[in-house]
Amino acid sequence: MNIAVLLKQVPDTTAKIIISEGKVDENSVSKWSMSPYDEYALESGLQMKDANNGLLIAITCGPDRSKKMLTDAAAVGADTLIHISDEGVKDSTHTQQLLAAVIKKFDANVILCGKQAADTNGGSTGPGVAEILDAACVTLVSEVSFTDGKYITMRPSNNGTEKVSVDGISVFAFDKGTTELRRPNVRGIMMAKKKAIESMTSTDLGVDLSSSNVTLDSQTPPPEKAAGQKFDGAEHVPTVVSKLRNEANVI
Amino acid sequence: MKKMVEYNAPKRDYDFLLNEVLDAIPIVQNLGYSEFDKEFLSMLTEGWAEHVKEVWLPINQLGDREGLKFNNGEIKMPEEFKIAYKESVDAGWLSTSCKTEHGGMGVPIFFQTVIWAEFGTSANMALSVLPALSVGVYEVLAEHGEKELVDYFATNMASGKWSGTMCLTEPHAGTDLGMITTKAVPQEDGTYLVTGTKIFITYGEHDMTENIVHLVLAKTPDAPEGTRGISLFLVPKYMPSEWKSEGLSGVSEELNTQHNGVTCSGSEEKMGVHASPTCVMNFEQSRGWRVGDLYNGMPLMFEMMNRERLATGMMGIGLAEIAYQNALSWSKERRQGRDINGMQEPNEVADNILVHPDVRRMLLEAKVNNEGCRALAAWTGILLDQSHSNDKEEAEMATALVALFTPIVKAHFTDLGCETASTCMQVMGGAGYCTEYGVEQFYRDVRISKIWEGTNGIQALDLAGRKVTENLGKNLRHLLWPMTDFINENKNIPEMSEFNKPLHQGVRGLQQLTLLMIAEGQANPHFLAAGATDYCRYFGNVLLAYMWAKMAKVSLTKKGEPFYDAKIASARFFFKKIFPETVGLAAKVQAGHKSLMDYPVEMM
């Protein structure tokens, strides 16, 4: 069983973000980490690998710095590490095409990813890749297992939890689960250090990035919040009460 | 305001020290650790930080409250400790510096001696002691044991599957080991039968590992008097079940169910480290093997002891760091009184306590001493690696400096550790004294570090009476040369003068005090002994000053970034508010021994 896990490196959720010239200043990000939803996809992939004697291929598409995340994935048990350069990538369909090309190259049977990245929160990778691969796609899953030729997964439904089973090549997009994530051990770190990362470009993968159907027309920052009103001293109590009652409608 | 104990391992600080101040990676790569790079160091540091935070820290308070159970010669550890220990063994975290041929990870020694030790003791001092001791036993064994002994014991010692102890003290012989009476009688098959009683044996008995390997100091029947007659023996709690007089080769790991005459007759009730057993151990015709040459027990035990002294010094930093982090986080939320220069937050019932100069003094003393000690620890760790260099000059320099620094790391770091834990409790007022905030546990736990592995008084004597003068004063020269070079290099850099000038004065003072100690000490040993503790603290302060000046120098090139600006501010605080204590210390050393020794004993 070849298990592909799609990973994205994002600014750590605890890192301070500085916006400069309307964009996140990447140089100011002190720490980059694996997107938290992807961590659950990776954990589930590792469990599936252990249970089915599979091969886990960790794939990322991003700048050079994202290789560090692949080494982190190897430290917990990823077997093959693939880094796709994001040079020339203009929109998320490009990313999906590149990821799908690698998935095909490795004949992956099952593809796991996070439901969305913690930075852009786009949520298009899983469904987009599934579309290109003509694969089944189940989103918001919390666990996946492989029994009798089928993938069985749990996801939230309108009135609780539903159990879904699919077969054939399938894509699963993970939400945060209750599964405890494994921590890297020393042996894993030693092995990861020695593990080679295979780098690929769009040319290597035969993906044409020259045209894009998507154009960014404009970008507007959220409107600034109006300043609050400040009252000091007991004499203002009637005014405050009146404002809370008539303007804010909270009492 | 009830809070959980917090801990975030100081990973950034080690990154700064090792990569920016001490340039550790090229040094260890040059020593043969060719694959050890910055990324690998960062993964190990992060991995270990996460492991202790998730696995060791959550059971630290439980260990303190439940402690261990001694019953009928057996010690039962809290179940949670057994689970945590096993998880650490399985993950390979206990053997990073052990040789790869024994299943260890073969990474530079400094990782285990410094980073591993600090994070481990911060998170759970009682638990950290067990693997720290085992690695010490492993090293003596791997270095000096006969091949069959190494082959049989080393792998399980390295992994942590079996643990180790050092058995020195006897009821009547602690600091003066020449008086020990434990006997080792040679047998025809080359083994020895060991009989005697040892006390204060940390983790002498417990149920966390299948076997416990004791390194025991004992005397053979015809041994010379005093320490010259002491040899070192390896005595397992359980013998291999397949062992017969022919030796250990080919013998399986299976152990006897009956113990090897090794029993625990008591466990001490203590002020702190309640989950670390302190045992009275009896050896009754217990079979063991000699490690190293006959009558060479003391030098071998001192090899282990020196490593454990550094480890004990790290306990000082480890506990001081977690005490500081918790006192700081508490302070940030605590409001009491008003800034005496005028209230800062009129809309609040009171200002935050960080407006008060004395609260800041306490917290900054803690932070700045912790960071200074950490820098010296990191340097000492790298020197330990360098002491194994094939380059004779490098090895000689590093060996000399490690010898010189060991008593200072042990005594100064643990003195400061105890002071800092106490100060951090003080910052928190009554809450600090209450159990639920955790700091009172750190205060109790860290206190033993001033006593363990040779009291701090002994360390001071070791420094003043031995380390400074031995090797024809070379130890000291290996320090003074680079310090003098550094001072000269920075003489004409205006931004460095606030750090460089006091450092220069401190170094000159150290030279003068050292000459005084040697000259007066030769005339009257009481002079040397009376001033040793103050001299040791003076020396410790000079080393921290050197570290702070170096850290400031690096940080000045990166001004504007909060981390480096804080380092410069810390260096400034050190030289203005901590380092001046050297003036008082020098006066006390110079005052000599008369006011002590002339005091009428009957009036004490």
Item checked: Residue count, the range A:162-221 (criterion: in contact (Cβ under 8 Å) with a residue 60 or more places away in the chain and on the phi > 0 side of the Ramachandran plot) -> 1
Next item on the list: Kindly indicate whether any position in the range A:232-246 is surrounded by 11 or more Cβ atoms within 10 Å (Cβ to Cβ), within 14 Å of chain B (Cβ to nearest Cβ) and over 28 Å from A:ILE132 (Cβ atoms).
Entry: yes
Checklist line | Residue list for the range B:155-173, filter: surrounded by fewer than 23 Cβ atoms within 10 Å (Cβ to Cβ) and in contact (Cβ under 8 Å) with a residue 12 or more places away in the chain | finding: B:THR155, B:ASN156, B:SER159, B:LYS161, B:THR169, B:GLU170, B:PRO171
Note to self: For the range B:541-587: of the residues being of a type in the set (Lys, Arg) and in contact with an Asp or Glu (Cβ under 7 Å, 6 or more places away or on another chain), which is farthest from B:LEU480 (Cα to Cα)?
What the structure shows: B:LYS559
Item checked: Failed item, numbered, when B:VAL446 is tested on (1) over 30 Å from B:PRO58 (Cβ atoms); (2) β-branched (Val, Ile, Thr); (3) part of a helix (DSSP H, G or I) -> (1)
Check: If we keep just the residues of the range B:64-103 that are open to solvent by 10 Å² or more (accessible area, probe 1.4 Å) and among the small types (Gly, Ala, Ser), which is farthest from the other protein chains (Cβ to nearest Cβ)?
Finding: B:GLY73
Check: How many residues are more than 20 Å from B:LYS588 (Cα to Cα) and either open to solvent by 50 Å² or more (accessible area, probe 1.4 Å) or outside the structural domain of B:VAL589 (by TED's automatic domain parsing) (or both) when one looks only at the range B:488-531?
Finding: 10
Next item on the list: Take the range B:104-113 and flag every residue that is open to solvent by 10 Å² or more (accessible area, probe 1.4 Å) and either more than 10 Å from chain A (Cβ to nearest Cβ) or modelled with pLDDT of 90 or more (or both).
Entry: B:ILE109, B:GLN112, B:THR113
Margin query: Suppose we keep only residues that are of a type in the set (Phe, Trp, Tyr) and in contact (Cβ under 8 Å) with a residue 24 or more places away in the chain within the range B:448-490. Which one would you say is farthest from B:ALA395 (Cα to Cα)?
Written below: B:TRP452
Next item on the list: Only one of these is within 14 Å of chain A (Cβ to nearest Cβ) and either crowded, with 19+ Cβ neighbours inside 10 Å or at pLDDT below 95 (or both): B:ASN306, B:ASN347, B:ASN369. Name it.
Entry: B:ASN347
Notebook entry, point to check: Looking only at the range B:446-470, which residues are β-branched (Val, Ile, Thr) and under 12 Å from the mean Cα position of the chain (by Cα)?
Noted result: B:VAL446, B:ILE448, B:ILE451
Check: (1) charged (D, E, K, R); (2) surrounded by fewer than 22 Cβ atoms within 10 Å (Cβ to Cβ); (3) touching a helix residue (DSSP H, G or I) at 6+ places or on another chain (Cβ under 9 Å): which one isn't true of B:ASP445, the others all being true?
Finding: (2)
Check: Among the residues of the range B:214-229, is any part of a loop (DSSP other than H, G, I, E, B) and either within 28 Å of B:LYS76 (Cα to Cα) or of a type in the set (Phe, Trp, Tyr) (or both)?
Finding: no
Margin query: Can you confirm whether B:LYS392 is surrounded by fewer than 24 Cβ atoms within 10 Å (Cβ to Cβ), at pLDDT 95 or above and closer than 21 Å to B:ASP15 by Cα?
Written below: no
Notebook entry, point to check: When both residues are 6+ apart or on different chains and their Cβ atoms are under 6 Å apart, which pairs have a first residue that lies in the range A:95-111 and is surrounded by 23 or more Cβ atoms within 10 Å (Cβ to Cβ), and a second that is among the polar types (S, T, N, Q)?
Noted result: A:ALA108/A:ASN2; A:VAL110/A:SER170
Checklist line | Among the candidates B:SER276, B:SER231, residue that is open to solvent by less than 40 Å² (accessible area, probe 1.4 Å), more than 28 Å from B:ARG65 (Cα to Cα) and modelled with pLDDT of 95 or more | finding: B:SER231
Margin query: List the residue pairs whose Cβ atoms are under 6 Å apart, where the first residue sits in the range B:224-241 and is of a type in the set (S, T, N, Q), the second is assigned to a helix (DSSP H, G or I), and the two are 6 or more positions apart or on different chains.
Written below: B:THR227/B:LEU177; B:THR227/B:GLY178; B:THR227/B:MET298; B:SER231/B:GLY297
Margin query: Take the residues in the range B:29-53 that are charged (D, E, K, R), at the interface with chain A (Cβ under 9 Å from one of its Cβ atoms) and over 23 Å from the mean Cα position of the chain (by Cα); name whichever of them is least open to solvent (accessible area, probe 1.4 Å).
Written below: B:ASP37
Check: Has the range A:209-228 got any residue that is within 14 Å of chain B (Cβ to nearest Cβ) and open to solvent by 50 Å² or more (accessible area, probe 1.4 Å)?
Finding: yes
Item checked: B:MET425 vs. criteria outside any loop (DSSP other than H, G, I, E, B), outside the structural domain of B:ILE115 (by TED's automatic domain parsing) and open to solvent by 20 Å² or more (accessible area, probe 1.4 Å) -> yes
Note to self: Restricting to the range A:161-194, name every residue that is open to solvent by 70 Å² or more (accessible area, probe 1.4 Å), more than 22 Å from the chain's Cα centre (by Cα) and within 14 Å of chain B (Cβ to nearest Cβ).
What the structure shows: A:ARG187, A:MET191, A:LYS194
Next item on the list: Considering only the range B:90-139, state which residues are touching a His at 6+ places or on another chain (Cβ under 9 Å) and among the β-branched types (Val, Ile, Thr).
Entry: B:ILE109, B:VAL137
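The values are calculated or read from the model by the stated rules, or taken from the named source; none is laboratory data. Keep in mind it's a predicted model, so treat the numbers as computed, not measured. Note that each Cβ is placed from the backbone with ideal geometry, even for glycine, and that neighbours are counted across all protein chains shown. Accessible surface areas use protein heavy atoms only, side chains included; no ligands, DNA or RNA. Shrake-Rupley method; radii C 1.70, N 1.55, O 1.52, S 1.80 Å.
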